[in-house]
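Every read-out reported here was derived from the displayed coordinates using simple, explicitly stated rules and does not represent laboratory data. Bear in mind that the values here come from a model prediction, so they are computed numbers and not experimental data. Reconstructed Cβ throughout: ideal geometry from the backbone, glycine too, with neighbour counts over all protein chains shown.
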Amino acid sequence: MSSDNSSGDEKMHTKVDIREELRPISGAPGLAYHDSSAADPNVSLAICFRTLSFQVSEHQHPGKPQDDVVNFFEQLTYHNVSVEKLCGMFGTTADRGLDNVVVARNLQRDGKNTIAKKKPKYLLKVISYLFTGFCSILWVAVIIFFICWRPLGNPKPQANNLALAILIIFVILCQAVFSA
């Protein structure tokens, strides 16, 4: 029994000590207390910083597919070669440019020097604008207005609910057409 009492006394004693260390702050509104033990100038706190690396250097990940591209551009020496030698490498002259034979061969091998244009997909854009984002919430409102118009208002259906549903459908269609 004495061991239980002594542990209970120790618990009670620590509560008393904590209360004695906290002193009320004069003039502070409500229950504001000041911890007198925290103001000890001899106590030093160890400050720890933790960093995260979001972009890791490429040197830490060898064997990336980009290494081949980097090696290719590192081995280019066009800027160190004389103009005559460079023209010989590409089959041209500095005065006249490419010969017609070389032009025809390059055109046949590589095709025209143009950027391929993507075909605009207006139908997919309009459909995505109709059913994504805020329009999905508007479609829920349209369904609720239709339900309130016919099934729930069956003895005397109110034309206001039908008018609001049609108006919101019109707003959705205009937004989709003008956004695409």
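A few remarks follow.
- Cα centroid of region 144-180 to Cα centroid of region 103-141, whole Å: 32 Å
- The length gained on full extension between Cys174 and Val83, counted as 0.36 nm times the residue separation minus their Cα-Cα distance, comes to 26.7 nm.
- For region 111-180: Kirkwood Rh in Å [reciprocal of mean 1/r, alpha carbons]: 14.2 Å
- Between Leu138 and Leu162, the contour length at 0.36 nm per residue exceeds the alpha carbon distance by 7.2 nm.
- Charged neighbours of Gln75, selected by a Cβ distance under 13 Å, balance to -3 (K, R count +1; D, E count -1).
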